[in-house]
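A.B. asks: Please find one structure pasted underneath; my questions will follow.
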Amino acid sequence: MLNFFSRSALIAATHCLIPFDCDAFSRESLYSLLEAIGEVKTDHNGGLEIEGIIVNQFQNRANLPQQLVDELEREGHPLLKTRISPSVKVRESHSAARPLIHYVPNHKLSEEFKALYQELDG
Amino acid sequence: MFTYNILFFYRSKVQCCFNGKVVELYAIRIRFHSVMGTRTIREDSCGGTEFPCVLRSYCFTMTNLLRGDLQMRRVIFNQKGGVGKTTITCNLAAISAFEGKSTLVVDLDAQSNSTQYLLGRKCADPDITIARFFKDTLSLNPFGKSQNPSLNDIVHETPFQNLCIIPSHLEIEALQSRLESRYKIYKLREALMNLNKFDQVFIDTPRCSTFLAVPR
């Protein structure tokens with residue numbers, strides 16, 4: 001089910017991060033995703049560590065994202081604390097070919113990515 | 001790179017009260033002492049039954065450490081498209097580089113979005129991309145032995161300090177079935193472990209077009 005390049009990457013890595021975009025379809029596919037990672041871990045890369053699920057596209061004021069995140073938390077999934085908000089700046093930074101920290105260094109989103117990095121490496 | 005002198009492996013049993021029940025947990029930790037200070041490499045606590053599993057995974061980490069493999073290699077993985085893999089890969093890598101760490105992004109997505117994000121363009125010539133590396137793993141040397149090609153020649157500098165990228169190319173798609181049937185899945189790990197000038201590696205993965213969500 002995994003393609004060659006994803007499998008190679010999971011074997012080459014020491015750590016794994018899973019982006020989650022607060023969508024019901026993503027929520028359902030999470031199980032098979034974790035199974036696939038578990039399989040690579042057992043068969044090829046015992047040192048692979050799941051660092052956590054990154055909650056992306058998280059809208060503070062909407063109900064659904066919070067509901068989905070609560071469900072995942074209840075089920076004991078390893079969610080990272082930092083939430084990444086949706087923003088038009090992401091697409092702008094793609095088109096400018098500059099990562100957010102260089103494109104809009106003081107924007108809320110840049111701060112969120114810095115917080116995420118701190119959470120992982122701090 | 002770190003120079004290390006002592007590797008410290010630590011385990012202790014602690015009792016915790018969890019939901020009114022007393023459970024025994026093992027604390028386990030690998031610390032790393034070097035001239036540059038002490039750094040905790042891994043730290044976990046686990047219940048008694050999980051302990052053998054966790055210990056096994058620690059043995060792998062220890063083996064890597066003893067081989068001098070201290071590179072942090074993160075894969076950003078989700079088989080669904082549009083969840084933000086490329087954005088997260090490139091932005092975390094940019095911050096890591098900005099903080100002064102020697103950082104590499106490996107783009108394994110044939111659509112080359114990370115490549116475009118960090119270089120501003122796709123690479124037209126497959127011979128300067130990851131396609132070259134995978135092609136080389138498939139070719140045999142004059143003695144008929146399979147090869148372990150290096151990634152050194154396909155590392156590109158980005159306009160951002162400390163940040164490099166190995167770009168992707170559409171051609172890798174066509175190589176996939178041959179790579180799979182000839183069992184080349186370990187080649188990327190070997191090559192990255194030999195590329196020890198980078199402290200942090202971020203790997204962007206492709207979406208899986210045949211991937212189906214399996215509800216429970």
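The values are calculated or read from the model by the stated rules, or taken from the named source; none is laboratory data. The structure presented is a predicted model; accordingly, all values stated were derived computationally and were not measured. For neighbour counting, all protein chains shown are included, and Cβ atoms are generated from backbone atoms with ideal geometry for every residue, glycine included.
Residues are listed down the side, and each one gets a yes or a no for (1) under 30 Å from residue A:86 (Cα atoms); (2) among the charged types (D, E, K, R):
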position: B:93; (1), (2): yes, no
position: B:111; (1), (2): yes, no
position: B:121; (1), (2): yes, yes
position: B:137; (1), (2): no, no
position: B:162; (1), (2): yes, no
position: B:171; (1), (2): no, yes
position: B:183; (1), (2): no, no
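A.B. asks: Related question: Does residue A:89 count as in contact with a Phe, Trp or Tyr (Cβ under 8 Å, 6 or more places away or on another chain) and either over 30 Å from residue B:59 (Cα atoms) or in a loop (DSSP other than H, G, I, E, B) (or both)? Step through it out loud before you land on a result.
C.D. replies: Values: in contact with a Phe, Trp or Tyr (Cβ under 8 Å, 6 or more places away or on another chain): yes; either over 30 Å from residue B:59 (Cα atoms) or in a loop (DSSP other than H, G, I, E, B) (or both): yes.
Here the answer is yes, as residue A:89 does meet what is asked.
A.B. asks: Report whether or not residue A:79 is more than 13 Å from chain B (Cβ to nearest Cβ), in contact with a Gly (Cβ under 7 Å, 6 or more places away or on another chain) and without any contact (Cβ under 8 Å) to a residue 60 or more places away in the chain.
C.D. replies: Taking the combined requirement at face value, the residue satisfies it.
A.B. asks: For the range A:22-33, which positions are closer than 18 Å to residue B:76 by Cβ, more than 7 Å from chain B (Cβ to nearest Cβ) and not charged (D, E, K, R)?
C.D. replies: A:22, A:30
A.B. asks: Further question: Could you identify the single residue in B:185, B:172, B:166 that is farther than 24 Å from residue A:95 by Cβ and touching a His at 6+ places or on another chain (Cβ under 9 Å)?
C.D. replies: B:185
A.B. asks: Quick one: in the range B:111-128, which of the residues that are buried (at least 19 other Cβ atoms within 10 Å of the Cβ) and either assigned to a loop (DSSP other than H, G, I, E, B) or under 16 Å from the mean Cα position of the chain (by Cα) (or both) is nearest to the other protein chains (Cβ to nearest Cβ)?
C.D. replies: This residue is B:114.
A.B. asks: Which number in (1) at pLDDT 90 or above; (2) exposed (fewer than 15 other Cβ atoms within 10 Å of the Cβ); (3) not small (Gly, Ala, Ser) marks the one condition that residue B:212 misses?
C.D. replies: (1)
A.B. asks: Might you check whether a residue that is at the interface with chain B (Cβ under 10 Å from one of its Cβ atoms) and free of Cβ contacts under 8 Å to residues at least 12 places away in the same chain occurs anywhere in the range A:52-63?
C.D. replies: Looking through the range A:52-63, none of the residues is at the interface with chain B (Cβ under 10 Å from one of its Cβ atoms) and free of Cβ contacts under 8 Å to residues at least 12 places away in the same chain.
A.B. asks: Let me ask another. Might you let me know whether the range A:34-42 holds any residue that is facing chain B (nearest Cβ under 7 Å) and either of a type outside the set (A, V, I, L, M) or within 19 Å of residue A:86 (Cβ to Cβ) (or both)?
C.D. replies: No, the range A:34-42 contains no residue that is facing chain B (nearest Cβ under 7 Å) and either of a type outside the set (A, V, I, L, M) or within 19 Å of residue A:86 (Cβ to Cβ) (or both).
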